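Any read-out appearing in this document is the output of simple, stated calculations on the displayed coordinates, not a laboratory observation. Worth saying up front: this structure is predicted, and the values here are computed from it rather than measured. All Cβ positions, glycine included, derive from the backbone under ideal geometry; neighbour counts span all protein chains shown.
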Amino acid sequence: MADKHCDGYLRFTTRNNVEFMVDSADKVQALVDDCNAHGMMPVGGTGAGVTNIVHTQGWVHCHSAATDASGLVKSMMDELMDYFTTKRLPSKLRLAVACCVNMCGAVHCSDIALVAVHTKVPTIAHDNFKNMCELPTVIASCPTRAISPDPAKKSVKINDAKCMYCGNCFTVCPPISIKDPERDGIAIVVGGKVGSLRSAPKFSKLVIPYISNDPPRWPKVVAAVKHIVEVYASHARKHERVGEWIERIGWERFFKLTDINFTFQSIDDFTFMRDTLRTASTFKW
Amino acid sequence: MKKYDTPMLDELEKGPWPSFVTEMKKAGKKNEMANDAVGHLEKCFTTKVGYWKHGGIVGVLGYGGGVIGRYTELGEEFPGVKHFHTVRLNQPSGWFYTSKALKEICDIWDKYGSGLTNMHGSTGDLVLLGTTTDALEPLFAEFSSRGWDLGGSGSDMRTPSCCIGPGRCEWTNYDTLDLIYNLTQEFQDELHRPMFSYKFKIKAAGCACDCVASIARADLSIIGTWKGDIQIDQAEVKNYEKNGMDINGEIVSMCPTQCMSYDGTALTIDNSECNRCMHCITRMTKALQPSGERGATLCIGSKAPIVVGSLLSWVIVPFIKLEPPYTELKDLIRKIWDWWDDNAKPRERIGEVIEMKGMRSFLEAIGVEPQPQQIKEPRKDPFMFYTEEDIAKFKANEEEEKKTGKYNF
């Protein structure tokens, strides 16, 4: 396509779209027609719509994946295709998928994003521990200090009540295993952005804590994302990103408009608790 | 070649969005590794769990980074992916290619690897998915001979990346493409030979739109900005209005600092109150243009949630000029790395070390003065450190006040 229309020049965007560049407006339509005729080169992703989803490697190639990123992305984009080819959202909508909490994509600052989570305390193959792991590194890897030495076993033990299943100990110590086919699942976070337009960059916040892994098409995850997109599309003001819209109306209103169940998981009990609890009686019913 | 039954993956060949399964299967027709990667993936979809093991130490001679070891637990069942290492190639600034260059990369990759690529990884590299340990040296020799080089991995300076910048964006405040190329050349040693406590990412964005997500994903975020007034073309403002834009609703009332007004004939901006967020400029590009001195704001420390929560980068240097040979920035980067080296525990990102040791320790080490631009608000608690020098300065100031009879707060 680039050879035919652009003297061979092309580039990739930061959202991993292919961009063909032409040096004259006269050449645009023929290029667009050719892409459309190709059948698998949809043209879009600019302006106030959905652009390509930044995602991680998933089961295709990553050792710590708790889901498959490519499969989720394909399933979502099949449903959101109209928002890719048109510009009828209030503002641009950045989607991202991370197949574990390492978040190699910019999931922590996206309008709507999926992050695959574990939900069970890891198991430890104690016999291998002393051969494969460094005790101080494993203990230091735990953000909640749930890991302590187990001298009798020449290994470590995990305090179940403190573990929040981040998997960082697994990353530094292979005999620790956290993958679980029936318990790994998808969490949905919303309202993040990286640009400083109008308001400062924002983190994405947790709204749906868990949906079971359901390959090959994760229908409930896709339905949830599409639902949030549609509520945003019909309620936000022009130019408002998802996070700006929610901050204007309030999170309590967001949960009401989307009819998403509010759970304990949405109340921070990790490092950001002080900043995120409400300290005024002025909220909406 | 083994034929795999893939009922799960076949579902992902349906629908309007391009199918990665179709592309993987295409590669699998001519490459056994890609073929086994398809079978392996079907197995993951069926059992709902992954089988890739932790990476091993693999690489090419003289380099510590650029190749990530990957092996499957299911080597007997899928011999083609028994070794399936990732190779990162350093992308050109702004991801500009010719089809000829891409074909060359893919031809070499077909010869030595699975033929599967990932365009591009989250850090910016062109990622080649799946090869064996034996193939690493010959494939690296061949890529090298054509002018390509490996990117970063592990505890090194990761491959720096940038937005499209002046390549095709009117909003950029400096040459992001040139800066990233220049920094990549300058820090080859740090890129290829992991010597840090952990990874260090550098991303350059031309303006506050931050298309390269530097504020969220780079240890050092370089974000373009300017110091002069926004130039207004009133005729173009009228044109936007004529074409349906509600200037007061979409521009004036959405200005975060409320420094604009529009009376139906002329748009005015109180530039001293503007915080350069880019909203108005991106909405009315033909009417509004920054002017005056151009440069960037430097921010430090962003990262994803592991270990104790995500960080966005913090402003450290409100304004720096960025012109070749970028000496001031390079000196600063070296000072940043020195302090990080001295203070970090293994696997500690710089943002985490700043949280532990305090911003003061960091700023003093790199020679940057405290400025209100660095904070959202001052501290709320009264638990401060005072050095003997701090107190001596306060006392000296008060002595001076007694002499002049004038307070200097």
Subtracting the Cα-Cα distance of B:Lys406 and B:Ala266 from 0.36 nm times their residue separation yields 45.9 nm
Add +1 for every Lys or Arg and -1 for every Asp or Glu among the other residues with Cβ under 13 Å from the Cβ of B:Ile391, and state the total. -3
Report the local net charge at B:Glu377: Lys and Arg +1, Asp and Glu -1, summed over other residues whose C-beta lies under 15 Å from its C-beta. +2
Can you give me the relative contact order of region A:124-182 as a percent, contacts being Cα pairs under 8 Å and 6 or more apart? 41
Which of B:Glu250, A:Glu240, A:Glu134 comes first, and how do the rest follow, when ranked by fewest Cβ neighbours within 10 Å? A:Glu134, B:Glu250, A:Glu240
For region B:274-329 and region A:1-67, what is the separation of their Cα centres, given in Å? 27
Sort B:Arg193, B:Arg360 by Cβ crowding within 10 Å, fewest neighbours at the top. B:Arg360, B:Arg193
Taking the Cα atoms of region A:169-267, report the difference between the largest and smallest coordinate on each principal axis, in whole Å and largest first. 50, 28, 26
Using a 10 Å cut-off around each Cβ of peptide A:12-23, what is the average number of partner chain Cβ atoms that fall inside? 4
In Å, the Kirkwood hydrodynamic radius of region B:146-262 over pairs of distinct alpha carbons? 16.9
So how do A:Leu95, B:Leu74 line up by other beta-carbon neighbours within 10 Å, fewest first? B:Leu74, A:Leu95
What average count of beta carbons from other chains do you get within 10 Å of the Cβ of residues in B:7-19? 6
Under a plain spin-label model, where a point goes 7 Å from the Cα along Cα-to-Cβ, how far apart in nm are A:Lys4 and B:Lys82? 4.3
For chain A: Kirkwood Rh in Å [reciprocal of mean 1/r, alpha carbons]: 21.1
Could you work out the mean projected area of the convex hull around the alpha carbons of region B:113-207, in square nanometres to one decimal? 7.2
Counting pairs of alpha carbon atoms under 8 Å apart in space and at least six apart in sequence, what relative contact order in percent does region B:107-234 give? 20
I need the fraction of alpha carbon pairs in region B:297-349 separated by more than 17 Å, rounded to a whole percent. 50
Calculate I(q)/I(0) for region A:1-43 by the Debye formula, one identical point scatterer on each C-alpha and no solvent, and give its log10 at q = 0.35 Å⁻¹ to two decimals. -1.27
Do the alpha carbons of any pairs in A:Lys220/A:Lys256; A:Lys130/B:Lys2; A:Lys202/B:Lys227; A:Lys179/A:Lys202; A:Lys120/B:Lys53 sit beyond 28 Å of each other, and which pairs? A:Lys130/B:Lys2; A:Lys179/A:Lys202
Using a 10 Å cut-off around each Cβ of peptide B:230-241, what is the average number of partner chain Cβ atoms that fall inside? 0
How big is chain B by the Kirkwood estimate over distinct Cα pairs, in Å? 24.8
For region A:160-233 and region A:246-285, distance of Cα centres in Å: 17
Given 20 Å bins starting at zero, what is the percent of C-alpha pairs of the protein assembly as shown in each, up to the one with the largest pair distance? 16, 52, 28, 4, 0
Local charge sum around B:Ala287 (other residues, Cβ-Cβ under 15 Å, Lys/Arg +1, Asp/Glu -1)? -3
Return a whole-number percent for the relative contact order of chain A, with Cα pairs under 8 Å and 6 or more residues apart as the contact set. 15
For region B:1-122: span of alpha carbons on each principal axis (Å, largest first): 40, 36, 27
No solvent, one uniform scatterer per C-alpha: report log10 I(q)/I(0) for region A:98-238 via the Debye equation at q = 0.14, 0.16, 0.17, 0.19 1/Å, two decimals. -0.75, -0.89, -0.96, -1.08
How compact is region B:110-165 by the rule of thumb for globular proteins, expressed as Cα Rg over 2.2 N^0.38 Å? 1.22
I need the semi-axes of the equivalent ellipsoid of region B:224-338: take the C-alpha gyration tensor, multiply each eigenvalue by 5, square-root it, list largest first in whole angstrom. 35, 18, 11
Extension gain from A:Val121 to A:Ala280, taking 0.36 nm per residue of separation minus the Cα-Cα distance: 53.6 nm
